[in-house]
Amino acid sequence: MSDSLKALLDLLDLEQIENDIFRGRSPEERRQRVFGGQVAGQALVAAGRTVPVNRPVHSLHAYFIRPGDPLVPIVYTVDRVRDGRSFTTRRVSAIQHGKAIFTLSASFQVVEDGPAHHAPMPDAPDPETLPDSMTRLTPLFGEAGARAFVERRPFDVRHATPLTWEAAKDPALASPESVVWLKVIGELPDDPLLHVCLMTYASDMTLLDTVLLNHGLAWGDKRTMGASLDHAMWFHRPFRADDWLLYYQDTPFAGGARGLARGQVFTRSGDLVVSVMQEGLVRVSDSGRER
């Protein structure tokens, strides 16, 4: 297990400070704001710890309200909205400095049988045939810059399509689609909630990049700024975050300084296991205005 994965698992292991109240922290690194996938993953951990283990999560809907402060803990309060015969509903608020920075609603369901179908997995090269992130990023940022980026990530991420930074340099590489293989760097215990929380974290790493890729933009290009606004996920079937997962992403719309991206996550055997939607703020200017 990589050091970065151990650190992420530690972040997801929230401290319970009272009934339905949990406390989480952020990594000890210099950031302007807390990574959105971290807050979403921690909030889902808080919700899941108040639900029987025989009711896996099947959907979540979340809003990013304020930038998170990485220097102070985040308090998660869980509202037990409903405990029904088949479904359990939880609402979580993430609090910093006395104000909500994030809210999440999650629904859990007992396992049931019913009609089944799913979209086909798109064609993609095998992950082993693709260069790893270190190889891909070194020509863009140098070896030291690439290593600093890669060592922070607890996931092995391999792009079958151009990176945003590549398309920013060569507009011919712009694309409305992004195809990524990913898995955590290490082996995980058999805890279904942990695997979905890790995918919740990972789902925010590249999804909004798809909007930028379509326009030849990139974070850090000194003219693009943005943030996640909302995030929704549907968990269709069990999966393992330590096995290769194909994350197919596209962007159906951008306008009004917002971009919409959607994703489908497939196992290597072709099963659709997660669907994702996210809207994000995307501004291209030098003003640096806050939302």
Which numbered condition residue 78 misses (of (1) within 15 Å of residue 230 (Cα to Cα); (2) in contact with an Asp or Glu (Cβ under 6 Å, 6 or more places away or on another chain); (3) hydrophobic (A, V, I, L, M, F, W, C)): (1)
All positions within region 64-80 that are farther than 24 Å from residue 275 by Cα and either open to solvent by 30 Å² or more (accessible area, probe 1.4 Å) or under 17 Å from the mean Cα position of the chain (by Cα) (or both): 66, 67, 68, 69, 71, 72, 73, 75, 77, 79, 80
Failed item, numbered, when residue 84 is tested on (1) open to solvent by 40 Å² or more (accessible area, probe 1.4 Å); (2) modelled with pLDDT of 95 or more: (1)
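Pick out the one residue from 136, 90 that is touching a residue at least 40 places away in the same chain (Cβ under 8 Å), touching a helix residue (DSSP H, G or I) at 6+ places or on another chain (Cβ under 9 Å) and basic (Lys, Arg).
90 is the lone residue from the list that is touching a residue at least 40 places away in the same chain (Cβ under 8 Å), touching a helix residue (DSSP H, G or I) at 6+ places or on another chain (Cβ under 9 Å) and basic (Lys, Arg).
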Region 46-70 residues that are over 26 Å from residue 110 (Cα atoms), paired with ones that are among the charged types (D, E, K, R) (beta carbon under 6 Å, 6 or more apart): 67/33; 68/33; 70/31
From the options 206, 200, 224, residue that is polar (S, T, N, Q), under 29 Å from residue 101 (Cβ atoms) and either open to solvent by 10 Å² or more (accessible area, probe 1.4 Å) or in contact with a Cys (Cβ under 7 Å, 6 or more places away or on another chain) (or both): 224
Helices (runs of 4 or more DSSP H) contained entirely in region 131-206, each with at least 3 residues that are modelled with pLDDT of 95 or more: 192-206
Any chance residue 61 is open to solvent by 30 Å² or more (accessible area, probe 1.4 Å) and in contact with a strand residue (DSSP E or B) (Cβ under 9 Å, 6 or more places away or on another chain): yes
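The values are calculated or read from the model by the stated rules, or taken from the named source; none is laboratory data. Computed from a predicted model, the values in this text were never measured in an experiment. A quick note on method: Cβ atoms are made from the backbone with ideal geometry, for glycine too, and the neighbour counts reach across all protein chains shown. For the accessible areas, the whole protein counts, side chains as well, though only heavy atoms, and no ligand, DNA or RNA atoms are used. Shrake-Rupley method; radii C 1.70, N 1.55, O 1.52, S 1.80 Å.
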